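The values are calculated or read from the model by the stated rules, or taken from the named source; none is laboratory data. These figures come from a predicted structure and were not determined experimentally. All Cβ positions, even for glycine, are placed from backbone atoms using ideal geometry, and neighbour counts span all protein chains on display. Accessible surface areas use protein heavy atoms only, side chains included; no ligands, DNA or RNA. Shrake-Rupley method; radii C 1.70, N 1.55, O 1.52, S 1.80 Å.
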Amino acid sequence: MTDARPLGPDEAAFIAAARSGDTARFALITERHRRELQVHCYRMLANYEDAQDMTQETLLRAWNKRESFKGQAAVRTWLYRIATNACLDFVAKRNDRTPVPSGLADLGSELPYLQPY
């Protein structure tokens, strides 16, 4: 028994675009996920500019690894995985973020580095 599921129209179009190297179709398919990917990155990074950068990094990584997409997951799921890894890689390389103090009650509800979305 296999876990194979039928490909949805998004996945089939994505695979076709990836195999043919069609940048316009690839961009059209991935662009509809940009906003939610940016919100996902923002939740991980708490910085609007960093979230924008990591969203762009996500789409670049997706383009560079487009041949690895086999349709075993939804395009959205695949993009979220790439975004999560891009954010984790970014956080691992940064050392300018001060750790959140253990006594958050002393700060109130304000976090000094959290930017509004």
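On the accessible surface of region 32-90, probed at 1.4 Å, how many percent belong to carbon and sulfur atoms?
47
Mind ordering 28-38, 63-73 by average Cβ neighbours within 10 Å, highest first?
The most tightly packed comes first, giving 28-38, 63-73.
Please give the length that would be gained between Arg25 and Arg76 if that part of the chain were fully extended, namely 0.36 nm times their separation in residues minus their C-alpha to C-alpha distance (nm, one decimal).
Once the chain is fully extended between Arg25 and Arg76, it gains 16.8 nm.
Along the Cα→Cβ direction, 7 angstrom out, place labels at Asp10 and Glu67. What is the inter-label distance in nm?
The answer from the label model is 2.5 nm.
Computed over the Cα atoms of region 26-96, what is the convex hull's projected area averaged over all directions, in nm²?
4.6
Got a sec to turn the phi values of region 53-63 into Karplus ³J(HN,Hα) couplings, 6.51 cos²θ - 1.76 cosθ + 1.60 with θ = phi - 60°, whole Hz, x for Gly and Pro?
4, 6, 5, 5, 4, 4, 5, 5, 5, 4, 5
Of the peptides 15-27, 81-93, 44-56, how do they stack up when ordered by the mean number of other Cβ atoms within 10 Å, highest first?
Highest-to-lowest ranking by the protection proxy: 44-56, 81-93, 15-27.
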